[in-house]
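Working notes, beginning with the structure itself.
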Amino acid sequence: MKRYQMYINGKFVNARRGGFFPVYDPSTEEVIAEVPDADAQDVDDAVAAARAAFDSGPWSQSTPQDRGRVLFRIAEKLRAETALLADIETRNSGKPIVEAEYDIADTATCFEYYGGLATKVIGHVNPVPANALSLSLREPIGVAAQIIPWNYPLLMAAWKLAPALAAGCTCILKPAEQTPLSVLEMARWLEELGVPPGVVNIVTGFGETAGAPLVTHAGVNKIAFTGSAQVGKMIVKAAADTVKRVTLELGGKSPNIFFADADFEAAIDGALFGVFINQGEVCSAGSRILVERKIYSKFVEAMTAKAGKIKLGPPLERATKMGPLVSKEQYERVTSYIEVGRKEAKMSVGGARPATFTKGYYVQPTIFYDVDNSARIAREEIFGPVAAVIPFDSEADALRIANDTPYGLAAAVWTRDIYKAFRVVKSLRAGIIWVNHMQPTYVEAPWGGYKQSGFGRELGPWGIEEYLETKQVYVNLDEQPIGWY
Ligand code: NDP
């Protein structure tokens, strides 16, 4: 078992109080590492380091070109270390190794993208009268605290760190308690790749003891959070006293809508991929599958048959398509929702850990059908391999059901009718819409939700905007006195 330290001010350190907590492999349920159990004192140290690096350290003097080059070097290093990082990610999170490799590739691409964008942040000349010059300057917000979940550990770290660093901010990142290992591994290389001490700090700990003090800390200017709606709401309230900039990505209950004229084979694949990829532990999971009644029975039958063949297995095996859920807590949460579902709807497949596994937090892909949209399994984010299939009768009916949710992160629509596709696209209240696919995510395109799925956008130029302030500068060109008094 490996004992890790956290990364503050360019040094690997223990928590001031000296405590550690265990990190598990969810496929074996065994402890694989220990990491420092940080609290408010360690948060103070990390904020002081980030503050100094921003206010007077080398980062504040760096040029966008310097920062871009550092991000390119990080991207290159991540690519070179794919095998190591994917192995750590898989052992720690339970995700299939092939998916972990894609995650590392996307992580590198994210750093590369923002490396390029660092030199494209441009200000503005405002059209004021001729006796003045008015400029809008873009400046980094300052110290960013970034709190991330466990479903895409290194990729979520990249979505937060890369735009912040490109903008010139300094960062304190708190990984989820379940999955701190890959980002700590990455931290080992940061200084030699050109990230000065204090610019990136990684604080390991629990939400209540390490996350909460970050949110209220007077030295932090911005909070970027991805996680549950429940914690997101607490964060907005806690950040209000110091008027921090806040961005939230809170997941959802996204509809995946299938009209009768969709390509049937592609649709079945798309329904399964939309909800079961990464064991369903995806904020944009298509967990409500809306199917036009004309094809409903055939659709449920075909989905069920194919879902029953999805290969659950040890996540390090390359043939595995679904590994275990991330933790015992998540296993219990998902299986308790399955019990709720049994009372609310009919189940066609899944529902338990397969009998072939004696340990590991495995849950079979599970499909409930004839689900009413008012059922708990259709309204609450389960964050596991549980699909709720709901029939609909018309386009208007599909839209009514799709939008009848407090969330609005994502949605997908499957049809060959381009008129219908775009009518539906325009009427869906969600931040990301796919047509005839579900889940492709590109660093160049914006990511974020409507309604209770959060606010702010990550990725693309939108992502860096969230780390910039706008400073208005007025220059008087008129040499006369104001002449007012
Ligand atoms: P949380 O929202 O509890 O955790 C997300 C991050 O916030 C973690 O780093 C967590 O720390 C931290 N955190 C928790 N409480 C606080 C707090 N009071 N102040 C500051 N930071 C805090 O999600 P969970 O991981 O516990 O998962 C629970 C459910 O959340 C899932 O089942 C799913 O429904 C949803 N979820 C949604 C995600 C999404 O992408 N939208 C991602 C993950 C979960 P720590 O983990 O150390 O406690």
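Output the residues belonging to region 246-271 that are surrounded by fewer than 18 Cβ atoms within 10 Å (Cβ to Cβ) and either within 16 Å of the chain's Cα centre (by Cα) or not in a loop (DSSP other than H, G, I, E, B) (or both).
Listed by number, the residues that qualify are 264, 265, 266, 269.
Among the residues of region 109-139, write down those that are open to solvent by 60 Å² or more (accessible area, probe 1.4 Å) and in contact with a helix residue (DSSP H, G or I) (Cβ under 7 Å, 6 or more places away or on another chain).
112, 119
Okay, residues lined up against (1) closer than 24 Å to residue 80 by Cβ; (2) at pLDDT below 95; (3) polar (S, T, N, Q):
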site	(1), (2), (3)
131	no, no, yes
134	no, no, yes
152	yes, no, no
162	yes, no, no
176	no, no, no
197	yes, no, no
217	no, no, no
229	no, no, no
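Would you mind finding the one in 463, 449, 456 that is modelled with pLDDT of 95 or more, in contact with a strand residue (DSSP E or B) (Cβ under 7 Å, 6 or more places away or on another chain) and within 30 Å of residue 128 (Cα to Cα)?
Within the list 463, 449, 456, the selection yields 456.
Do the conditions hold for residue 119, that is, is it assigned to a helix (DSSP H, G or I) and over 24 Å from the mean Cα position of the chain (by Cα)?
yes
What is the one condition in (1) surrounded by fewer than 24 Cβ atoms within 10 Å (Cβ to Cβ); (2) in contact with a strand residue (DSSP E or B) (Cβ under 7 Å, 6 or more places away or on another chain) that residue 220 does not satisfy?
(1)
Suppose we filter 316, 325 for residues that are outside any strand (DSSP E or B), open to solvent by 30 Å² or more (accessible area, probe 1.4 Å), more than 30 Å from residue 419 (Cβ to Cβ) and of a type in the set (A, V, I, L, M); which single one remains?
Residue meeting the stated conditions: 316.
Looking at 139, 112, 101 in this structure, which one is in a strand (DSSP E or B) and more than 16 Å from the ligand (Cβ to nearest atom)?
Among 139, 112, 101, only 139 is in a strand (DSSP E or B) and more than 16 Å from the ligand (Cβ to nearest atom).
Output the residue which, of all residues in region 335-356 that are aliphatic (A, V, I, L, M) and over 19 Å from residue 255 (Cβ atoms), is most open to solvent (accessible area, probe 1.4 Å).
First, the residues of region 335-356 that are aliphatic (A, V, I, L, M): 338, 340, 345, 347, 349, 352, 355.
Filter once more, so that each one left must be over 19 Å from residue 255 (Cβ atoms): 338, 340, 347, 349, 352, 355.
Numbers: 338: 0, 340: 32, 347: 62, 349: 29, 352: 41, 355: 103 Å².
Result: 355.
Among the residues in region 286-301, are any in a loop (DSSP other than H, G, I, E, B) and either within 13 Å of the ligand (Cβ to nearest atom) or open to solvent by less than 40 Å² (accessible area, probe 1.4 Å) (or both)?
yes
Are any residues in region 328-356 away from the ligand (no atom under 16 Å from the Cβ) and not in a loop (DSSP other than H, G, I, E, B), and if so, which ones?
Within region 328-356, 342, 343, 344, 346, 347, 348, 349 qualify.
Are any of the residues in region 182-198 among the small types (Gly, Ala, Ser), surrounded by 21 or more Cβ atoms within 10 Å (Cβ to Cβ) and over 30 Å from residue 98 (Cα atoms)?
Checked region 182-198: at least one residue is among the small types (Gly, Ala, Ser), surrounded by 21 or more Cβ atoms within 10 Å (Cβ to Cβ) and over 30 Å from residue 98 (Cα atoms).
What helices (runs of 4 or more DSSP H), lying completely within region 164-244, carry at least 2 residues that are within 12 Å of the ligand (Cβ to nearest atom)?
Numbers: elements: 181-190, 212-216, 229-240.
Filter on region 164-244 gives 212-216, 229-240.
Would you check if residue 94 is among the small types (Gly, Ala, Ser), touching a Pro at 6+ places or on another chain (Cβ under 9 Å) and under 30 Å from residue 29 (Cα atoms)? Before you say what the answer is, go through the steps one by one.
Working: among the small types (Gly, Ala, Ser): yes; touching a Pro at 6+ places or on another chain (Cβ under 9 Å): yes; under 30 Å from residue 29 (Cα atoms): yes.
So residue 94 fits the description; yes.
How many residues are within 28 Å of residue 143 (Cα to Cα) and in contact with a strand residue (DSSP E or B) (Cβ under 8 Å, 6 or more places away or on another chain) when one looks only at region 24-46?
Of the residues in region 24-46, 9 are within 28 Å of residue 143 (Cα to Cα) and in contact with a strand residue (DSSP E or B) (Cβ under 8 Å, 6 or more places away or on another chain).
Exactly one of these conditions fails for residue 281: (1) out of contact with any strand residue (DSSP E or B) (no Cβ under 8 Å at 6 or more places or on another chain); (2) more than 16 Å from the ligand (Cβ to nearest atom); (3) open to solvent by less than 10 Å² (accessible area, probe 1.4 Å). Give me its number.
Answer for residue 281: the failing condition is (2).
The values are calculated or read from the model by the stated rules, or taken from the named source; none is laboratory data. Please read all numbers here as calculations on a predicted model, not as lab measurements. Cβ: placed from backbone, ideal geometry, glycine included. Neighbour counts: every protein chain shown. Side chains included, ligands, DNA and RNA excluded: accessible areas come from the protein's heavy atoms. Shrake-Rupley method; radii C 1.70, N 1.55, O 1.52, S 1.80 Å.
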